[in-house]
1. Can you tell me which of (1) modelled with pLDDT of 85 or more; (2) more than 16 Å from the ligand (Cβ to nearest atom) is the one Pro67 doesn't meet?
2. From the list Glu81, Glu50, Glu86, Glu32, which one is farther than 18 Å from Arg16 by Cβ and either at pLDDT 75 or above or part of a helix (DSSP H, G or I) (or both)?
3. What number of residues within the stretch 13-50 are touching a residue at least 12 places away in the same chain (Cβ under 8 Å) and either among the aromatic types (Phe, Trp, Tyr) or away from the ligand (no atom under 15 Å from the Cβ) (or both)?
Amino acid sequence: MTDEPRDTDCMEVLDRLYEYIDGELTPERAAEVRRHLDACAPCFRLAGFESAYVRFLEARTRGQHAPAALRKKILEQLLLEGSSSESP
Ligand SMILES: [Zn+2]
């Protein structure tokens, strides 16, 4: 295990967030994402929100997967809102 602070970029993490939540990443990749989330508050907050959103969506669609493009579009909107305002 190396200790590199910036081996995983925010956008890279967010790009893998769906797979991380769905448990589709390899243990190594999942560990990278988790390590970044532990060190990056904005990503951590977003991951928690996205995780809840995915569960909500899956509950509503009763197991049917929502289109990845739709999920990504919504997440990007959340990102824009999150970067423009700080909530306590
Ligand atoms: Zn980050």
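The values are calculated or read from the model by the stated rules, or taken from the named source; none is laboratory data. Keep in mind that this is a model prediction, so the values were computed, not measured. Every residue, glycine as well, gets a Cβ built from its backbone with ideal geometry; the counts of neighbours run over all protein chains shown.
1. Among (1) modelled with pLDDT of 85 or more; (2) more than 16 Å from the ligand (Cβ to nearest atom), the lone unmet condition for Pro67 is (1).
2. Glu81
3. Qualifying residue count, the stretch 13-50: 6.
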